[in-house]
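Report on the following structure.
Coordinate-derived values only; no laboratory data. Since the structure is predicted, the reported quantities are computational estimates derived from the model, not experimental observations. We place every Cβ from the backbone using ideal geometry, glycine too, and count neighbours over all the protein chains shown.
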Amino acid sequence: MLNKWNKQIENVFVDISVKKDEQEIEQFRTKSVDLEALARERLNDYWDTQGKQEGVYSFDLVVNFLDNYRMKEKKFSGELISAEEFEEITKNIPADSLTGKAVSSDQSSGFSSFFTYLILCLVVLALIILIGVYFYRKGQNRKEAERIESADPAVATTTTGKDSKDQW
């Protein structure tokens, strides 16, 4: 969910209608969240398929807020398969690569990831500059100290903490 408004949207939720062969078989609602201004938040929910027949199901999603305002509608479909069919399909796929996460074709995430990388590059560049300035100044201070010591022995003895009359 992406809030493009400049203020918080309260009580945002999604009503989901599950259909098979154009017949509605189930309805449920996600938990409600408050979306901060200009923020993105993910609403996760799961559909219990225990006791459901195999086949293609369609899902109608309606995003609502403030209990009665319909903000956006989306439709998609998915296929419910048997455990045996699932085993056959996934037998050559490593177990750690399977997730229950839906994939979106939303292109807006590319825009935000570009700026994330840009900001990361700027931070790294700033760190490199700060480290360079630190070592440059450290070298300048060392050169200045060497110059003072080599210029006047009396100054050098006072800078080392010894009394100048002990040296004369």
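Taking every C-alpha pair closer than 8 Å and separated by at least 6 residues, the mean separation divided by the residue count of region 9-103 gives a relative contact order of 27 percent.
Counted by neighbouring Cβ atoms within 10 Å, the residues Phe59, Phe65 run from fewest to most as Phe59, Phe65.
Starting from the Cα gyration tensor of region 9-103, take the square roots of the eigenvalues, sort them a ≥ b ≥ c, and report rounded, prolate or oblate (rounded when a/c is under 1.5, otherwise prolate if a/b is larger than b/c, else oblate). Because a/c hits 1.5 or more and a/b fails to exceed b/c, region 9-103 counts as oblate. Sites listed here are trypsin sites (Lys or Arg not before Pro) in region 1-77 whose DSSP assignment is loop and whose Cβ has at most 11 other Cβ atoms within 10 Å: Lys4, Lys7, Lys31, Arg42.
Residues Val62, Val12, ranked from the fewest to the most other C-beta atoms within 10 Å, line up as Val62, Val12.
The slack between Glu149 and Ile129, meaning 0.36 nm per residue of separation minus the straight C-alpha distance, is 4.2 nm.
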